[in-house]
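Undergrad: The structure is given below, and queries will be raised subsequently.
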Amino acid sequence: MKNDKRLEWLLNATASLNIDAQQCLAQLSPEVRSAHQLGTKDRSFNLYVEYLTAIALTTADDGIGLALGEAVNIRDVGIYGYLLENAATVESYLELAAGYHNIVTSCSQVLIKPAKQSCRLEYVTPMLHNQQLRQDIDLSLTLYLQELRKYAGADWVPLSAGFTYKQPEDLDRHHSLFGDNLHFGGTVNYLEIENSLLAKPRSNTDPVLYDALKNYANQLVSASMQTPAAREKVRVQLLTSLGTDNANHDSIAAKLNMSRSSLQRRLLKEGTTFKQVRDQVIYELAVRALTETTSSMAQIALMLGYSETSAFDRAFYRLSGGHTPLRFRHQQH
């Protein structure tokens, strides 16, 4: 099974809520605990669910998944997170959410089900006991709710929301997030969205940069599906990590269910290295942004994961063979 990106979200979210990760790990068996140590390669969905359960036990909070969903940062999924943050409308956001969810994690799905008056964002989980999945379901639906509110307004609630686990005794937090029309113990987890919201735009986006990045991401995904080449798999996974601390050899190998040495051998057989592939992705993204958009250097640097424009300048100078980003842009026009 491909390693699950959501464990990285979870570790970042627990830190933002001042939850002691080591105290949570102490709730787990020694075997599971060792697999959860930061930097290890085994990050399956089952381990992620067990860690969520440990967080609930440590905090004595059955509704902690709701708080974690509010704390998760969508930018923790790299370029895909940037695209999700900059989709022009709710409809385009939902399309991206469904298309990219399986790239970020192979252990669940997001489906969009249209109807006459509304549509549903459905979160489909693996076949585990629904009560085991409560925290994951709460986290995931809350995350998507928070993103939809960036279009619809901070007080927006779905027409209805469904949860496959049994109804909790205390529903106050569910009502405050999802409204009054809640359904528990059903066959699907969902948020019901009015069709009139689909054309709702999001302000402060950069549509030209968005289009350039989306086209590039789609090209990488398409190429990866057409070849078994390791370098193409690495390129796709790098898009989930650029802008985070996990765009490194070990993390990408783990996402591909490989050891670092195995990935290194496969890339060497293809005549390249991990560093060369990563540099190529960064350079190609930068070139697209510089030539196809008028986005500022600060915007481009942030999109690529550089907190300082000067760091992006130095990286591009090295990758381009002696051109600053500004000089390169001027030469292309």
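Computed from the coordinates by the stated procedures, all read-outs in this text should not be read as laboratory data. Owing to the predicted nature of the structure, the values given are computational and were not obtained by experimental measurement. We place every Cβ from the backbone using ideal geometry, glycine too, and count neighbours over all the protein chains shown.
Undergrad: What residues from segment 84-104 fall in the zone where the backbone N is under 13 Å from a label point 7 Å along the Cα-to-C-beta line of Ser222?
TA: No residue qualifies, since no backbone N sits under 13 Å from the label point.
Undergrad: Follow-up question, since we're still on this one. For segment 6-197, give the magnitude of the charge dipole about the Cα centre (Cβ charges: +1 Lys/Arg, -1 Asp/Glu; no others), in debye to the nearest 20. Display every interim value, and only then the final one.
TA: Numbers: 13 positive and 23 negative charges, 85 e Å.
In debye, rounded to 20, segment 6-197 gives about 400.
Undergrad: Over all directions, average the projected area of the Cα convex hull of the chain and note it in nm². Please report the intermediate quantities before stating the final value.
TA: On the way: hull surface 71.9 nm².
Mean projected area of the Cα convex hull: 18.0 nm².
Undergrad: Test of understanding: what is the full-extension gain from Ile112 to Lys275, defined as 0.36 nm times their sequence separation minus their Cα-Cα distance?
TA: Numbers: separation 163, 0.36 × 163 = 58.68 nm, distance 3.70 nm.
Taking Ile112 through Lys275 to full extension adds about 55.0 nm, to one decimal.
Undergrad: I want to verify a result. In a Gaussian network model of the chain, Cα cutoff 10 Å, which of these has the top mean-square fluctuation: Gln109, Gln131, Gln146?
TA: Gln131
Undergrad: Shifting gears a bit: What chymotrypsin sites (Phe, Trp or Tyr not before Pro) does segment 142-247 have in DSSP loop regions with at most 11 other beta carbons within 10 Å?
TA: Sites meeting the loop and neighbour criteria: none at all.
Undergrad: Right, here's the next one. DSSP loop (so not H, G, I, E, B), at most 11 other Cβ within 10 Å: list which trypsin sites (Lys or Arg not before Pro) in segment 46-122 pass both filters.
TA: Numbers: sites: Arg75, Lys116, Arg120; in loops: Lys116.
When the trypsin sites (Lys or Arg not before Pro) of segment 46-122 are filtered for loop state and at most 11 Cβ neighbours within 10 Å, Lys116 remain.
Undergrad: Sticking with the crude label model, points 7 Å out along Cα→Cβ, report the distance from Ala98 to Asp172 in nm, one decimal please.
TA: According to this spin-label approximation, the distance is 3.8 nm.
Undergrad: With each label point set 7 Å from Cα along the Cα-Cβ vector, what nm distance links Asp61 and Ser310?
TA: Calculated label separation equals 3.9 nm.
Undergrad: Report the residue, chosen from Pro228, Pro201, Pro158, that carries the largest GNM mean-square fluctuation when the chain is represented by alpha-carbon nodes joined by springs under 10 Å.
TA: Answer for the Gaussian network model of the chain: Pro228.
Undergrad: If you look for lysine pairs in the chain that are eight or more places apart or on different chains, how many of them have Cα atoms under 13 Å apart?
TA: On the way: Lys2/Lys41; Lys2/Lys233; Lys2/Lys255; Lys5/Lys41; Lys5/Lys255; Lys41/Lys255; Lys150/Lys200; Lys233/Lys255.
Lysine pair count for the chain: 8.
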